[in-house]
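Peer 1: Okay, handing you the structure first.
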Amino acid sequence: AARPILQSLHVLEESDLDGTLEIDTTSLMQCFVLTHGTPRDMGQFANRGRDQAALLDNLLNDSNLLRQVVLASGARGGKYGPAMQSYDDISKQSNAMAKCDILQRFALACSLELAVPLAEFDTPHVFVDPVRRYLHYERAYLDGELDPTFVDRTTWECRMIGNCDATEEQLGWGRTMLRNYQPSQVLLEDYNWRYCRAVRTEVGYRNPEWTDSPRTYQQIISGGGKCGPRAWFGRFICKTFGIPTWGARQPGHAMMHHWAPNGWIPVLGADWSYSWWEDRCGLDFLLETQARDVGEDSYFDSVCCLEMIGRAVMGESRLDAMVVLPSPSSFWCSLALMAKHILAKKSLATRAAAAAAPLPSISCGVNEP
């Protein structure tokens, strides 16, 4: 798969950069998946049986599915075998997935994100099941329980909905509780605080009082908590309604970020420059959300292809996501970072122009003098 890509890059090295580089993107995506998943792990999965081999073969030969997977940042931990197994299991158990674009995207998101087992809240030996997680949200969507914007979420964004560590029973309880006891928060026009305002109204700021083991999200309502439990509950209640969240730490503090119509925002803490989560800083995550905002086609062409060339073909290391800086040893990945900056500036300019545009005139049917 890498041979035609390397030939294209050789042409680029000898050109004057006046033309457009044409690369076989299908081969590039195959090369990326094989490299990210590692031949050893994917081979071991395929050796389990014909059905498992067929799942990987279908992935590698379905260019549309490959594109979705790459745009969604691939399978967590490079576990493409388990991801495709979950995706196949979901397709067999769901009658609605194939008929609804958002459900197909959410099914793929759960499969990719939960390919590495995610432990349930305070239950380290019990893991979130990707099939059950999908089916729970499918029913909630079909019953009209999720936020109206859920239908527009991308596969990448859906990953940050399906990765909640609550049980399905707790997810259902969260929606029922807020609709029954604080219905105004479900209908808030201000998306900055829609749903997550419950942290301020329902979670008392005090030392937490856990009443049972394992701990549950219900106990946060009765027992209260400081920054940690409050951030946990804020992320939980947003995810229950289909709003993507990105958890974050700040010096001596825990908080959260979530999607909003005008772009991702921090709540319950300071701004992005103080945040990090796992091995990524807040500014790097923010940059990606802004770059993706211009549209998936532009992001794939401008960013994903450069990253795949760097990581899968040229063997470059990923850039350090804690500093958001280019690296001389990762040329193509650095180009991808610069492409993100360009797309982000375009996105911000588009939003600024839309905000400054005058409101359309409305005729009331009366003749004006």
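The values are calculated or read from the model by the stated rules, or taken from the named source; none is laboratory data. Quick caveat, the model's predicted, so the values are computed rather than measured. Methodologically, a virtual Cβ is constructed for each residue, glycine included, from the backbone with ideal geometry; neighbour enumeration extends over all protein chains shown. Surface accessibility is based on the protein's heavy atoms, side chains included, excluding ligands, DNA and RNA. Shrake-Rupley method; radii C 1.70, N 1.55, O 1.52, S 1.80 Å.
Peer 1: Work from the charge dipole of the range 39-176 (Cβ charges, +1 for Lys and Arg, -1 for Asp and Glu, about the Cα centre) and give the residue of 58, 126, 146 farthest towards its positive end.
Peer 2: Positive-end residue among those listed: 58.
Peer 1: Ignoring everything but the protein chains, give the 1.4 Å probe accessible area of residue 346 in square angstrom, nearest 10.
Peer 2: Ignoring ligands and nucleic acids, residue 346 comes out at about 120 Å².
Peer 1: Could you list the trypsin sites (Lys or Arg not before Pro) in the range 19-75 that lie in coil according to DSSP, counting only those with at most 15 other Cβ atoms within 10 Å of their Cβ? Let's see the in-between values first.
Peer 2: Working: sites: 40, 48, 50, 67; in loops: 48.
The qualifying sites are 48.
Peer 1: Considering only 100, 217, 325, whose Cα is most displaced toward the positive end of the charge dipole of the chain, charges sitting on Cβ of Lys, Arg (+1) and Asp, Glu (-1)?
Peer 2: Farthest along the dipole direction, towards plus: 217.
Peer 1: Looking only at GluC sites (Glu not before Pro) in DSSP loops with at most 12 other Cβ atoms within 10 Å, what is the longest site-free stretch of the chain?
Peer 2: For GluC sites (Glu not before Pro) (loop position, at most 12 other Cβ atoms within 10 Å), the longest site-free span of the chain is 23-188.
Peer 1: Determine the per residue accessible area of the chain with all protein chains present and a 1.4 angstrom probe, expressed in square angstrom.
Peer 2: Values: 18700 Å² over 369 residues.
Result: 51 Å² of accessible area for each residue.
Peer 1: Output the 0 to 90 degree angle, nearest 10, between the alpha-carbon long axis of helix 25-37 and the longest principal axis computed from the alpha carbons of the chain.
Peer 2: 70 degrees
Peer 1: Would you mind checking the range 264-302 for residues with the amide N under 16 Å from a putative spin-label position 7 Å along Cα→C-beta of residue 323?
Peer 2: 279-284
Peer 1: OK, next. Need the list of aspartates and glutamates near residue 346 for cross-linking: C-alpha distance under 12 angstrom, and skip anything on the same chain fewer than eight residues off.
Peer 2: Those aspartates and glutamates meeting the cut-off are 293.
Peer 1: Using protein chains only and a probe of 1.4 angstrom, how many square angstrom of residue 205 are accessible, to the nearest 10?
Peer 2: 150 Å²
Peer 1: To the nearest 10 degrees, how steeply does helix 227-240 sit against the main Cα axis of the chain, on a 0 to 90 scale?
Peer 2: 80 degrees
Peer 1: Under the Karplus relation 6.51 cos²θ - 1.76 cosθ + 1.60, θ = phi - 60°, what is the ordered set of whole-Hz ³J(HN,Hα) values for the range 277-284, x standing for Gly and Pro?
Peer 2: Here the 3J(HN,Hα) series is 8, 6, 10, 9, 8, x, 5, 5 Hz.
Peer 1: Rounded to the nearest 10 Å², what accessible area does residue 298 show when all protein chains are kept and the probe is 1.4 Å?
Peer 2: Rounded to the nearest 10, the figure is 50 Å².
Peer 1: I've got another one for you. Taking only Cα atoms, what is the 0 to 90° angle, nearest 10, from helix 80-93's long axis to the longest principal axis of the chain?
Peer 2: Relative to the chain, helix 80-93 is tipped by roughly 60 degrees.
Peer 1: If you don't mind, there's one more thing I want to ask. Take the solvent-accessible surface of the protein heavy atoms, probe 1.4 Å, and return the percent of it on the chain that carbon and sulfur atoms account for.
Peer 2: Carbon and sulfur: 51 percent of the exposed surface of the chain.
Peer 1: Compute log10 of I(q)/I(0) for the chain with the Debye formula, placing one identical point scatterer on every Cα and leaving out solvent, at q = 0.15 Å⁻¹, to two decimals.
Peer 2: -1.42
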